[in-house]
Amino acid sequence: MKSLKKALLFGFFIWLIPFVVSVIIFPLRTSSRPLFESIMPVVITICVVFFLILYFRKVEDGFLREGIILGVRWLAISLLIDLLLFMWGPMKMTLADYMMDIGLTYLIIPTITIGAGYIMSKRVR
C-alpha cells in the first residue's frame, strides 16, 4: 500500500459522492426507479475511476497488488458506512434487503481497481 492516508480519504469520497447524489436524486427512486438504479452505478464507476487514476499516479510498480488492496479497502469503507446508516441509522433495512438493493452494486469497486491494476501491471513490463 503506497499511501494508506490517501487510500482511506479516497475511499471515503467514493462513498460520499454517490451518497450525496442519491440524496439529491432520491425523488427518482419512487417516480422512476429504473432511472435511479441506472444512475447510481454510473456515479460509483466515475468516482472509482477518477480516484483510482489519482492514486495510481504515484504508483510505479505492484499495480495488481495495489488494485486488489484498494478494491477491498474501498469496498469495505462503503459497506461499513452504509451498514451503519441502513441497519442502525435512520434508514433501517435488513442486511438481506440492503445487499439486494444497494450492497451488491459496490462490487463495481474491486472489479475496476483489480482490472485496472492487472492492465497496468501488464503495460509496465
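Residues of the range 7-38 that are surrounded by 13 or more Cβ atoms within 10 Å (Cβ to Cβ) and either among the β-branched types (Val, Ile, Thr) or not in a helix (DSSP H, G or I) (or both): ILE14, ILE17, VAL21, ILE25, SER32. For beta carbons closer than 8 Å, sequence separation of 6+ or different chains, a first residue in the range 61-72 that is over 20 Å from ILE14 (Cα atoms) and a second that is of a type in the set (Lys, Arg) and in a helix (DSSP H, G or I), there are no qualifying pairs.
Just to be sure, is PRO41 farther than 19 Å from GLY115 by Cβ and in a helix (DSSP H, G or I)? I'd like the intermediate steps shown before the answer.
On the way: farther than 19 Å from GLY115 by Cβ: no; in a helix (DSSP H, G or I): yes.
The answer is no for PRO41.
Of the numbered criteria (1) out of contact with any Leu (no Cβ under 8 Å at 6 or more places or on another chain); (2) closer than 21 Å to ILE102 by Cα; (3) aromatic (Phe, Trp, Tyr), the one PHE36 fails is (1).
Checking PRO90 against (1) farther than 22 Å from TYR118 by Cα; (2) part of a loop (DSSP other than H, G, I, E, B); (3) of a type outside the set (Val, Ile, Thr); (4) touching a helix residue (DSSP H, G or I) at 6+ places or on another chain (Cβ under 8 Å), which test does it fail? With (1) farther than 22 Å from TYR118 by Cα; (2) part of a loop (DSSP other than H, G, I, E, B); (3) of a type outside the set (Val, Ile, Thr); (4) touching a helix residue (DSSP H, G or I) at 6+ places or on another chain (Cβ under 8 Å) applied to PRO90, the lone miss is (4).
Since every read-out is calculated from the coordinates, none of them should be taken as a lab result. Bear in mind that the values here come from a model prediction, so they are computed numbers and not experimental data. As a convention, Cβ positions derive from the backbone with ideal geometry for all residues, glycine included, and neighbour counts pool all protein chains shown.
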